[in-house]
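Notes to accompany the following structure.
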2 protein chains.
Amino acid sequence: MTMTDSAMGHSTPLKLGDVTVTDAFWHAEQELVRTAVLPYQWRALNDDVPGAAPSYCMHNFRAAAAQNARKGAEGKRFVPPAYSYRGFESKPEDPAHPDPDTFYGFVFQDTDFSKWIEAVGYSLAHHPDAELEATADRAIDVVCAAQLDNGYLDTYYILNGMDRAFHNLRWHHELYCLGHLIEGAIAYWEGTGKDKLLKAAERFADYTASYFGPNPGQCKGYPGHEIAEMALARLFEVTGERKYLDLAKFFIDQRGTEPNYFRYEGERDRKDGTADTAWQFDCPYAQAHEPVREQQEAVGHAVRAGYLYSGMADVARLTDDPTLAEACGNLWRNIVDKKLYVTGGIGGTREGEAFSYDYDLPNDTAYSESCAAIALAFFARRMLELEPKAEYADVMELALYNTTLAGMALDGKSFFYVNPLEVDPYACRRDKRLDHVKPVRQKWFGCACCPPNIARIVESVQEYAYTLADDGSTLYTHLYMGGEAKATLAGVPVRLDVDADLPWHGDGSVVVHLDGPATFTLAFRLPGWAGAPTVAAGTIATTGESGASPRVARELRDGYLYLTGEWHDGDVVSFDFPMPVRMLKANPLVREDANKVAFSRGPITFCAEERDNGSNLHLLHADVAKVLDDPESVRVDEFDFQAGAKGIDERGQGEVEPVVRRMVKLEVPAWREPVPETVAAAPAGAEAPAFAPLYADYAPAERKPVTATLIPYFAWANRGENEMTVFLNV
Amino acid sequence: MTMTDSAMGHSTPLKLGDVTVTDAFWHAEQELVRTAVLPYQWRALNDDVPGAAPSYCMHNFRAAAAQNARKGAEGKRFVPPAYSYRGFESKPEDPAHPDPDTFYGFVFQDTDFSKWIEAVGYSLAHHPDAELEATADRAIDVVCAAQLDNGYLDTYYILNGMDRAFHNLRWHHELYCLGHLIEGAIAYWEGTGKDKLLKAAERFADYTASYFGPNPGQCKGYPGHEIAEMALARLFEVTGERKYLDLAKFFIDQRGTEPNYFRYEGERDRKDGTADTAWQFDCPYAQAHEPVREQQEAVGHAVRAGYLYSGMADVARLTDDPTLAEACGNLWRNIVDKKLYVTGGIGGTREGEAFSYDYDLPNDTAYSESCAAIALAFFARRMLELEPKAEYADVMELALYNTTLAGMALDGKSFFYVNPLEVDPYACRRDKRLDHVKPVRQKWFGCACCPPNIARIVESVQEYAYTLADDGSTLYTHLYMGGEAKATLAGVPVRLDVDADLPWHGDGSVVVHLDGPATFTLAFRLPGWAGAPTVAAGTIATTGESGASPRVARELRDGYLYLTGEWHDGDVVSFDFPMPVRMLKANPLVREDANKVAFSRGPITFCAEERDNGSNLHLLHADVAKVLDDPESVRVDEFDFQAGAKGIDERGQGEVEPVVRRMVKLEVPAWREPVPETVAAAPAGAEAPAFAPLYADYAPAERKPVTATLIPYFAWANRGENEMTVFLNV
């Protein structure tokens, strides 16, 4: 790998074990995942959660392991389940008695395990837990026993017959399973030092690397659902094995080229009669409509897209490929300029769980999948690794603090798949167009991508806080999290001791610890929400043993303050970023947000809930004139948020255990348009009650002054079912 | 039939042959249907329109007739087409060579003929045309030859096997076909005096009346798609045969009662294995979820609902049933108070082409089917027949002048099925959620309900203008149409000679012709758009031979001015209804119309098109303060509208021949928010072009004063594909 000029800015995250997070906010989230989500998830993937859709994940691994033990696996002919060649989901006829030798669930059900073990690995890195580790080890034994001798490891084909393995890349998810297995195996190895699963993942990757590739006889396909690209790049970084990077690059280079592999597959299946109606594959859905370097617009399934773009950024960095980096930049610009929700979510339409067209960001029918926000955070961090620019970190932070966390209840026991920006529970029940929108979080999903995805990113959130320049000269602080970070800078071990209280307070300090004076650079991100970079930079002060330190030169570049010079043990970098309440309007080309404003403060986007503001939230108007006239009229209150709600159905959906979390709410000057009164019903037997007319001559609405109470978006729907809106009418 | 107090207010339309329409507006519409639609429609139902979906309608009748001639019909076993038991649409494998003995098309394809013959009958009533009549007679010969000896006449079962006839009432459309056949046969008989088709319809009705009914052994079902109810009521009125009214009443009384017939059918089919996934029928979709007298909310498929409610109103009137009349009143109130578009359209959601929930009236995703507006006009006229109240006529007029006419291009050659209130063609192409919304009219539809429905209501529009009280005392004028109306009032023949120029001018006159003085009542509707009834009534003056006539007493009741007294030949009733431009706002509970206004004048609802106002119509704001301050600031311009557009695809969709129509446009004070400028692209090789940020600190929008040009809604999309909106942001 040559190090050219363009590669000079590359950096990579600090190792998970070298960073701790102890601040109140993220510590609470990580504890929630460790104590609530991980045990729940383990029960879920063992079909042990009453009322929740069974996963069949461990069932399938056990069935495959048993079959391996009988040595019958590879001779079996593939029998596509009768329901559909897409074979998305298979269920036992009698749910109480699944057949022990049959595959059930979605084709990608293996990933339930991989995501769980990944979060477990991250958790164990910081919080040793012998019992959890023993459970994980036993699960790993089962998974590894399911692996075929040739390294192949996807229970759907192992159990249904191997002769059609890797034959339906567009709809089946073997390479997706490979990717998640790699991610999980690396995390568990990092967290415990145990490499049994890592070796299994490498063997599956080796098999895949021999099956796919540019050489004659090798398959020219690529993943239908991306993730293998970024996982293989990571496997290369962990093992140093170039073939993994080559395979990731092959998948990326091959994608969308002509003749189109997915169209080839569909035609082949149509001709041999094995395809159902899905043979005509929607290539943009899987970002396979044109070569990735030519793609200018983010399209298709938003999670797939985010994973692909992340893999592209990884490969661009690791192969120092400027054309691929440029493609990443173009796609980034398209997302951030035209397709990003103010909550950090992406994916405007449920049709394909996908990006909608430019500037189409509906609030009520939004898809904004939790996993898509996570994928955006993945992509953003990798853009930072390519090139440190504050914008990447701003978007990463927005996605992490808002939509990612909104995906999980404050008790860690229920989850959103879809994260709308406006909800009317009555409409959700009455309107099939809103079938995908749930007004309260659900306990678990058969297609359980989001809960474990939230678990794995929360447990590894410290990996998003820092990167170290490849030349070892500079340590970047992207996110301000209370805790410690260790790195080797200019050849010497350095430890940063960070005191911060994000997202509620913008001030804090970093104490630098090192054995003796050394010269290096500490670069600090100037958050976009803090105003002009010069202002934010102005709040950063460095103090050494002798007060203000002339030892350190300051340079402001791309939204980072670079502090370069000789650092002494005990030097302190203090910061006090302004955290004004921002009243935001969307670009006028966003039709759905015309005449509306949203409020944010620091990285947090706020919303109004019916619980605090009454029903018919569309009649609650922000008094924008007053706020513009006197920004102090918006009150910022730190308070104890009381979560807790009874379940709203027999499965306990919407249930949240009583939890208290410190957070900030906004009290915003507003006015309400009264709900028109129903004329009193006439006496029985007379005419039907009359209602206010549907259309009447326009007159300015009556304005009843009120105060709107806004809470952080991530905390909505923790007090039962109710209306919510991020944008307020003006 | 007893005539009780409640029946005293009943009235019925004048016979079609007794009313002519000669005013510029409706004459042009009727000529369009006569010269463009009817010939086109005939070609369409003979599969003779290149590029349009074949109907197979006459093909099926010919096939059934040939089969009858071979005497093999009734012994054939039913063979459900393989694709689906719902059997909605069947197509030949080779479209160029349909099998001459096979049924093709939708299960209700027979109605293409029935709707055409209905419009032909209306047309011939006023405009004799020997060639058209000969064509119609030949078609009738074919249709009658398809009828079985027992009277059954639905080619789907005649050709597929009769043993399952009337066995899938929920999805198949035999009773719908019966209803349309009756309507068509009556119209043709009224228009020509020929009763061959009427006799055939009666025989099918007789067969149906013996098959269904309350007696042991009779089927307890009722129509899946309503219309037979109103058609049978009309057949009773034409023939005096009580059994037809009894059958209509049976269908209505039986609907939605327990045990639910549709659920019974579904369970039966599921058990015997003939059902597909549609066995669980959505009863509210077909208004079969509860007995009709208990229904308070208009739900389900909007056309079905409108037809049912029309039939209910007919039966309520003809059987003098107060509980049924009350149910009609409740459903009317629900529609008008909570579910009616400002264009007179109904049906807020494409999911089931149905009513959405209360106050859910989305503009861009609206369904608002042309047929549903027509069904609403049917219902409204029947409410008028029950009880003359101006509100019914106001809504009827709104539906007729706006959504009904919007369904047809100004050249009569292309049609809308769906009538949105806001269209962005780019969104229609990119957004699957808008698959149902077409930005330009289509040439024809395989499911061709709307074009012939428009044809039949336009050709019979004079039936909506007048009703005569059952006791012969009062002639009601509901709509003001230039032309003549003849009726027998108080036993003497009376002719009204009407001069009017609606919808553009509110003034006109009615000259009363009769042989000698006679005493009766002429009642004139005071349109809601003319302001308070007292104001509108004040513009109505009566002048006899001797100037202002004290012979006539004036009484204002329920929005009608009743003029009662001795009338002389040559008496003149003049009117001059105010026709102010109205700036309307929706009830605040309509979330989609918050901060928006629509403009109307007289019965016409207006809209803004991109062609006149530029793109991004959501950035065009009505200057409501200026309009409120000075209503005269809205200019009303009578002008010649130039229609005409090239087709936008190879099938010529969107093509409109050059046509000039006189109409009125509004010039409204407005302002525009500028479209944010794209920052110029950086030099090649540098970064991607930067766009205005997606979110920015709120500041009041820059206001560029402009004038918004609004044209009548019915005329939109006659100048090619472009943006359109009815509601303007304020």
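Remarks
Conditions tested, residue by residue: (1) in a loop (DSSP other than H, G, I, E, B); (2) away from chain A (no Cβ under 14 Å); (3) farther than 30 Å from B:Gly184 by Cβ; (4) free of Cβ contacts under 8 Å to residues at least 12 places away in the same chain.
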position	(1), (2), (3), (4)
B:Met396	no, yes, no, no
B:Tyr401	no, yes, no, no
B:Leu410	yes, yes, no, no
B:Lys413	yes, yes, no, no
B:Arg429	no, no, yes, yes
B:His436	yes, no, no, no
B:Pro439	yes, yes, yes, no
B:Pro452	no, yes, no, no
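- Unmet requirement for A:Glu297, which otherwise passes all of (1) open to solvent by 10 Å² or more (accessible area, probe 1.4 Å); (2) in a helix (DSSP H, G or I): (2)
- Test result for B:Thr257, touching a residue at least 40 places away in the same chain (Cβ under 8 Å), of a type in the set (S, T, N, Q) and assigned to a loop (DSSP other than H, G, I, E, B): no
- Residue in segment A:383-394 that is crowded, with 24+ Cβ neighbours inside 10 Å, of a type outside the set (Val, Ile, Thr), touching an Asp or Glu at 6+ places or on another chain (Cβ under 7 Å) and in contact (Cβ under 8 Å) with a residue 24 or more places away in the chain present: yes
- Unique match (being at pLDDT below 95 and more than 14 Å from every other protein chain (Cβ to nearest Cβ)) among B:Ala690, B:Ala680: B:Ala680
- Any hit, segment B:116-126, residues being open to solvent by 10 Å² or more (accessible area, probe 1.4 Å) and of a type in the set (Val, Ile, Thr): no
- Filter result for B:Tyr713 (more than 30 Å from B:Gly602 (Cα to Cα) and either polar (S, T, N, Q) or modelled with pLDDT of 95 or more (or both)): no
- Taking segment A:615-643 as the range and being buried (at least 17 other Cβ atoms within 10 Å of the Cβ) and more than 14 Å from A:Phe727 (Cα to Cα) as the test, the residues that pass are A:Val627, A:Val634, A:Phe641, A:Ala643.
- Members of segment B:580-625 found to be over 27 Å from A:Trp671 (Cβ atoms), of a type in the set (D, E, K, R) and touching a Ser or Thr at 6+ places or on another chain (Cβ under 6 Å), listed by number: B:Asp612
- The listed residue being in contact with a strand residue (DSSP E or B) (Cβ under 9 Å, 6 or more places away or on another chain), crowded, with 22+ Cβ neighbours inside 10 Å and at pLDDT 95 or above, out of A:Ala313, A:Ala302, A:Ala248: A:Ala302
- Of the criteria (1) more than 12 Å from chain A (Cβ to nearest Cβ); (2) of a type outside the set (S, T, N, Q); (3) part of a loop (DSSP other than H, G, I, E, B), which one B:Ala377 fails: (3)
- Answer from B:Tyr152, B:Tyr122 - the residue that is at pLDDT 95 or above, of a type outside the set (S, T, N, Q) and under 26 Å from B:Arg268 (Cβ atoms): B:Tyr152
- Scan of segment B:475-532 for residues that are in contact (Cβ under 8 Å) with a residue 40 or more places away in the chain, touching a His at 6+ places or on another chain (Cβ under 7 Å) and open to solvent by 40 Å² or more (accessible area, probe 1.4 Å), ordered by number: B:Pro517
Listed here are the residues, each with its yes/no results for (1) surrounded by fewer than 20 Cβ atoms within 10 Å (Cβ to Cβ); (2) modelled with pLDDT of 85 or more; (3) part of a helix (DSSP H, G or I).
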{"residue": "B:Met1", "(1), (2), (3)": "yes, no, no"}
{"residue": "B:Val21", "(1), (2), (3)": "no, yes, no"}
{"residue": "B:Arg62", "(1), (2), (3)": "yes, yes, yes"}
{"residue": "B:Lys71", "(1), (2), (3)": "yes, no, no"}
{"residue": "B:Val79", "(1), (2), (3)": "yes, no, no"}
{"residue": "B:Arg86", "(1), (2), (3)": "yes, no, no"}
{"residue": "B:Thr102", "(1), (2), (3)": "yes, yes, no"}
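- Helices (runs of 4 or more DSSP H) fully within segment B:114-212 counting 1 or more residues that are under 23 Å from B:Leu308 (Cα atoms): B:174-192, B:196-211
- Where A:Arg551 falls short, out of the listed (1) at pLDDT 95 or above; (2) among the basic types (Lys, Arg); (3) open to solvent by 40 Å² or more (accessible area, probe 1.4 Å): (1)
- Answer residue from segment B:347-356, given it is open to solvent by 20 Å² or more (accessible area, probe 1.4 Å) and out of contact with any strand residue (DSSP E or B) (no Cβ under 7 Å at 6 or more places or on another chain) and is nearest to the other protein chains (Cβ to nearest Cβ) among those: B:Glu351
- Test result for A:Gly344, closer than 25 Å to A:Leu235 by Cβ, within 21 Å of the chain's Cα centre (by Cα) and open to solvent by less than 10 Å² (accessible area, probe 1.4 Å): no
- Of the residues making up segment B:329-337, one or more are closer than 19 Å to B:Gln287 by Cβ, of a type in the set (Asp, Glu) and either modelled with pLDDT under 95 or in contact with a Phe, Trp or Tyr (Cβ under 9 Å, 6 or more places away or on another chain) (or both).
- Close pairs from segment B:216-238: first among the hydroxyl-bearing types (Ser, Thr, Tyr) and open to solvent by less than 10 Å² (accessible area, probe 1.4 Å), partner modelled with pLDDT of 95 or more and not in a helix (DSSP H, G or I), Cβ under 8 Å, at least 6 apart: B:Tyr222/B:Phe212; B:Tyr222/B:Arg255; B:Tyr222/B:Ala288
- In segment A:603-649, the residue that is nearest to A:Gly345 (Cα to Cα) out of those that are part of a strand (DSSP E or B) and acidic (Asp, Glu) is A:Glu609.
- For segment B:592-603, the condition of being farther than 14 Å from B:Val726 by Cα and open to solvent by 40 Å² or more (accessible area, probe 1.4 Å) holds for none of the residues.
- Within segment A:586-607, residues that are within 14 Å of B:Arg672 (Cα to Cα) and facing chain B (nearest Cβ under 10 Å) have Cβ atoms under 6 Å from residues that are open to solvent by 10 Å² or more (accessible area, probe 1.4 Å) and among the aromatic types (Phe, Trp, Tyr) in these pairs: A:Leu589/A:Tyr359, counting only partners at least 6 apart in sequence or on another chain.
- The set of residues in segment B:357-374 being within 11 Å of chain A (Cβ to nearest Cβ) and either hydrophobic (A, V, I, L, M, F, W, C) or open to solvent by less than 10 Å² (accessible area, probe 1.4 Å) (or both) consists of B:Leu361, B:Pro362, B:Asn363.
- Number of residues in segment B:142-163 that are aromatic (Phe, Trp, Tyr) and in contact with a His (Cβ under 9 Å, 6 or more places away or on another chain): the value is 2.
- In segment A:35-60, the residues that are under 21 Å from the mean Cα position of the chain (by Cα) and farther than 25 Å from A:Cys144 by Cβ: A:Thr35, A:Ala36
- The residue that is farthest from the other protein chains (Cβ to nearest Cβ), among those in segment B:659-674 that are over 29 Å from the mean Cα position of the chain (by Cα) and assigned to a strand (DSSP E or B), is B:Glu667.
The values are calculated or read from the model by the stated rules, or taken from the named source; none is laboratory data. This structure is a prediction, so every number in the text was calculated from the model and none was measured. Methodologically, a virtual Cβ is constructed for each residue, glycine included, from the backbone with ideal geometry; neighbour enumeration extends over all protein chains shown. Ligands, DNA and RNA are stripped out before the accessible areas are found, and what is left, the full protein with its side chains, is counted by its heavy atoms. Shrake-Rupley method; radii C 1.70, N 1.55, O 1.52, S 1.80 Å.
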